[in-house]
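Data block below; observations after.
Bear in mind these aren't lab numbers, they're just calculated from the coordinates by the rules spelled out. For clarity, every value in this text was computed on a predicted model and none was experimentally measured. Glycine gets a Cβ as well: all are built from the backbone with ideal geometry, and neighbour counts include every protein chain shown.
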Amino acid sequence: MFIALLIFTALSIAGSAAFFTMYGLAMTFASGFWPVLFGGAAIEAGKLVMASYTYRYWSHIRWFFKPVYVFIILLAMFFTSIGVFGYLSAAYQKDSLPLDQINSQLIALDQKVDILQNLKDEQVLQRQRLMDDKNRELAALPDNYATKKKEVSLRYQPQIDKLTAEIDGYNLRLRTLIDDKQEVQVKTIQQESKTGPIVFIGQAFGWDTDDAVKWLIIIIVIIFDPMAVMLVIGANIAIVERQTHKRRRKDDRVQLLEKALETDERPSEPTMSEVEEVVSDNHAESMTVDQIRDMVEEMSQRKLNRIEVQQKQMLEELLARKTLTEKIRNPNQE
């Protein structure tokens, strides 16, 4: 299952990288969409197969071909990385282009607001000057010069009224621009929700948004294809190790069978009566391997006479035969 997981993960990552690469190339060379698509797929498949072949037959490859194989694999990885970089960059530009357009609209609106505000401020300043001049002239006239004061007021009032009307017009246009700006800002917030995380990353590191995207894509490229190739090599290692382990188990089982046949052919097999003298009332064939081993260890710890030495040898032969029998029946057990 772990080998299957390795293979599935490697193919998933490699397939994703291949999709990014082929899509990016197909968009770059749109006139030859299908040839480029099949060519990119062939290169991706060849890269994985070549990586597997190079690992498995490294010792059989001539020394002057080894650098060539490694160089081609690295070049294919670079090719894939460029495709992934192009695809992710295009995806970011697709999302950021509307935001750039909205920002351009905001900048244009801000410029218009500044211009109108400056014009309005000039008109307000000019109107204030006229009003100051009017008030000075009125203040210079005696109180009994009512007719003269009226003439002064009538002389200044048309200009003041004209400036007032222009100022009101500027205020109306400013309110309209501010409303338009608020609508655009709402669109900006909606669009930034698509690129919000990368904007936050850029702000966290003090980067411009484009720089943050660039470094994020570079990190993805560094991880993407090398991980796929290394997982393919890892799957090959796991498969080779599994095959080697199965071969060793088969060889060990053959050796156990051969040894068991040799043991069964021995003429000096202990008789039941001789063994029962040691095991008392317990029948030898019903005893487990651990029980026989404990008896042998117990006899090994004390001094034995000649008969007990022979009985110990019989128990050891019986122990060896039972152990071999269990190993043959359960080859996977340690």
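Within region 2-239, how many Lys pairs that are eight or more residues apart, or on different chains, come under 15 Å at the alpha-carbon?
Counting lysine pairs in region 2-239 gives 9.
Using the beta-carbon distance between Gln313 and Thr244 and R0 = 56 Å, what value does 1/(1 + (r/R0)^6) give for FRET efficiency, to the nearest 0.05? Mind showing how you got there, number by number?
On the way: r = 38 Å, r/R0 = 0.68.
Efficiency at R0 = 56 Å is approximately 0.90.
Taking the beta-carbon count within 10 Å as an exposure proxy, list Phe33, Phe79, Phe2 from fewest neighbours to most.
Phe2, Phe33, Phe79
Multiply the residue separation of Phe65 and Arg306 by 0.36 nm, subtract the distance between their alpha-carbon atoms, and state the gained length in nm to one decimal.
Result: 79.7 nm gained on full extension.
I need the chymotrypsin sites (Phe, Trp or Tyr not before Pro) found in region 118-190, filtered to DSSP loop residues with at most 13 other beta carbons within 10 Å of theirs.
Answer by residue number: Tyr145.
For the pair Asp210/Glu137, report the inter-label distance in nm, with labels modelled 7 Å from Cα in the Cβ direction.
5.8
Could you grab the relative contact order for region 2-239? Cα pairs under 8 Å, six or more apart, rounded to a whole percent.
36
How big, in percent, is the set of alpha carbon pairs in region 2-239 lying more than 33 Å apart?
53
Given that compact globular proteins tend to follow 2.2 N^0.38 Å, what is the ratio of the alpha-carbon Rg of region 1-81 to that value? Provide the component values of the computation, followed by the final result.
Details: Rg = 14.6 Å, N = 81, 2.2 N^0.38 = 11.7 Å.
Against the compact-globule rule of thumb, the ratio is 1.25.
What pairs from Lys246/Lys312; Lys250/Lys322; Lys246/Lys327 go past 26 Å between their alpha carbons?
From Lys246/Lys312; Lys250/Lys322; Lys246/Lys327, over 26 Å: Lys246/Lys312.
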